[in-house]
1. Could you check the stretch 317-433 for helices (runs of 4 or more DSSP H) lying wholly inside it with 2 or more residues that are within 16 Å of the ligand (Cβ to nearest atom), in the same structural domain as residue 276 (by TED's automatic domain parsing) and in contact (Cβ under 8 Å) with a residue 24 or more places away in the chain?
2. If you take just the strands (runs of 3 or more DSSP E) that sit entirely in the stretch 149-265, which of them hold at least 2 residues that are assigned by TED's automatic domain parsing to the domain that holds residue 393 and surrounded by fewer than 18 Cβ atoms within 10 Å (Cβ to Cβ)?
3. Quick one: which strands (runs of 3 or more DSSP E) lie wholly within the stretch 1-103 and hold at least 1 residues that are farther than 22 Å from residue 162 by Cα?
4. When residues of the stretch 435-464 are filtered for being farther than 21 Å from residue 502 by Cβ and either assigned to a helix (DSSP H, G or I) or not assigned by TED's automatic domain parsing to the domain that holds residue 551 (or both), how many remain?
5. Taking the stated definitions as given, is residue 479 closer than 15 Å to residue 453 by Cα and touching a strand residue (DSSP E or B) at 6+ places or on another chain (Cβ under 8 Å)?
Ligand code: G6P
């Protein structure tokens, strides 16, 4: 999604801005631009497409500047809709959504102002330009008129060598070292050896001035003192390390990610959490996308072993459904990025209604982490490919541990999770066989992933992965529901992937295999049960190591992720940067 960088320093800003934008590329974007101020006059270069298209801006003079990668929401990807947006000597970059932009624009037009883009963001420059007083006061006054979310960095021709920054419900971090001050929308874009990094709180402002340390202010513009956060300065942008794509590398890292994420059950944090888990009667699980699928897997395991309902919710639904949050509810939010707007809003709502918050997130210092009572980090390492892969398995490791603990608290036994980690390594090797399945999928009219029990949730995730990176229409479906409508869609051009890991219902899913095969569909089987391999109607299969069926998504995720990857390649798509999608969805 959109990204912001900015700096105020003695040497030219442009090279640093371009490097910073490259670090934000993984988030997904469709245009980019920078603005550099040289003692007042501001030069802007922006382009549709990739950051590398901005190379001619490297020569811009001036040590103060801002840069942006845009993921289109209001207005198509184009040069004029790319940020920065300038008006009346003010130049801004913005992440978020100005929800009342139409009304605000009308007011500006009535004053005789014209707009040069279709974006909601441009109005921010107009509003600031219309304000009196110093830049900080003007920015605050303008932002008070806005409903929606923002992270902004603002340059003004009247305030040389200065950037004013502000945030509401969209992340922004500030850095400083001996050379100058920096701002960015995520920590890796600002982190560097020996640089102090500060996280801007919601509603706060920062002023970056040449030759001065950054100054921070609360919503009333009262100065606030901030402590620098501890972060890993050496954690550079990950490299592909010989893999052709990040997605392939990250799938390969899944076993290690899951194992490293399994919480230390003896730790103080976990023991404190244990007490809460043992007392709670109501658990809400809230997330989006792949993270939502991991909560479905936890729901299933908790139901099965702890005999308790942990209720999964899609965050974009939860926040508007007026959720019932009974006393003593624990709301577990799951998010790789820790910045997904709907998940954050749901967490805030649950908290306001009295729930305790537990965040399961992969990003330290993320907004989700900062607002939660408890945090169980996933240790998947940075995930660069837009489609979540290793983070899904890491989330499962944490969520299964929680289910296991809840089962124990309630006097039930759950099977151990740890045997899964070595089985994942075998599953990864076995999963490579799916590469041979690719010709059946390229050009398919639609693809079905079928399963029962836990397999049903892995089917949902397999289908999502395929859609994300291959752009093929696909559905994950409970195998038993097939007859109730979906079977009408099945023919020789609809390959079916059947997931079968539970001997108790293997025959039932096999019935679905017979049904689709009778309609001409090629069937691909992913199973942990050798007895299922003999079926003559199956075109090809992958045998995974035996495992507890309720935990099987941790294994079956690997071949379905690999299938999505290889089909994407065969379709000529870049699996790391699927069209229209963003890594961290920081707007609604
Ligand atoms: C985006 C990503 C998905 C991800 C979802 C939730 O849509 O493309 O891969 O599953 O957001 O992200 P989160 O960071 O909250 O896990």
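1. On the way: elements: 341-352, 367-371, 390-409, 419-431.
Hits in the stretch 317-433: 341-352, 367-371, 390-409.
2. Values: elements: 162-168, 173-177, 180-184, 196-199, 205-209, 215-217.
Once the strands (runs of 3 or more DSSP E) in the stretch 149-265 are filtered for at least 2 residues that are assigned by TED's automatic domain parsing to the domain that holds residue 393 and surrounded by fewer than 18 Cβ atoms within 10 Å (Cβ to Cβ), nothing remains.
3. On the way: elements: 3-9, 31-38, 41-48, 64-70, 85-87, 90-98.
In the stretch 1-103, the matching strands (runs of 3 or more DSSP E) lie at 31-38, 41-48, 64-70, 90-98.
4. Just the residues of the stretch 435-464 that are farther than 21 Å from residue 502 by Cβ, to begin with: 435-447, 464.
After this cut, where a residue has to be either assigned to a helix (DSSP H, G or I) or not assigned by TED's automatic domain parsing to the domain that holds residue 551 (or both) as well, the list is 435-441, 464.
Number satisfying all stated conditions: 8.
5. yes
Results for (1) more than 24 Å from residue 302 (Cα to Cα); (2) under 34 Å from the mean Cα position of the chain (by Cα), shown as yes or no for each residue.
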site: 457; (1), (2): no, yes
site: 475; (1), (2): yes, yes
site: 483; (1), (2): yes, no
site: 549; (1), (2): no, yes
site: 571; (1), (2): yes, yes
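Yes/no per residue for (1) modelled with pLDDT of 95 or more; (2) farther than 19 Å from residue 551 by Cα; (3) surrounded by 17 or more Cβ atoms within 10 Å (Cβ to Cβ):
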{"position": "333", "(1), (2), (3)": "yes, yes, yes"}
{"position": "342", "(1), (2), (3)": "yes, yes, yes"}
{"position": "347", "(1), (2), (3)": "yes, yes, yes"}
{"position": "353", "(1), (2), (3)": "yes, yes, no"}
{"position": "359", "(1), (2), (3)": "yes, yes, yes"}
{"position": "390", "(1), (2), (3)": "yes, no, yes"}
{"position": "396", "(1), (2), (3)": "yes, no, yes"}
{"position": "413", "(1), (2), (3)": "no, no, no"}
{"position": "422", "(1), (2), (3)": "yes, no, no"}
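The values are calculated or read from the model by the stated rules, or taken from the named source; none is laboratory data. Note that this is a predicted model, so its numbers are computed, not measured. Here the Cβ is made from the backbone with ideal geometry for all residues, glycine too, and neighbour counts use every protein chain on show.
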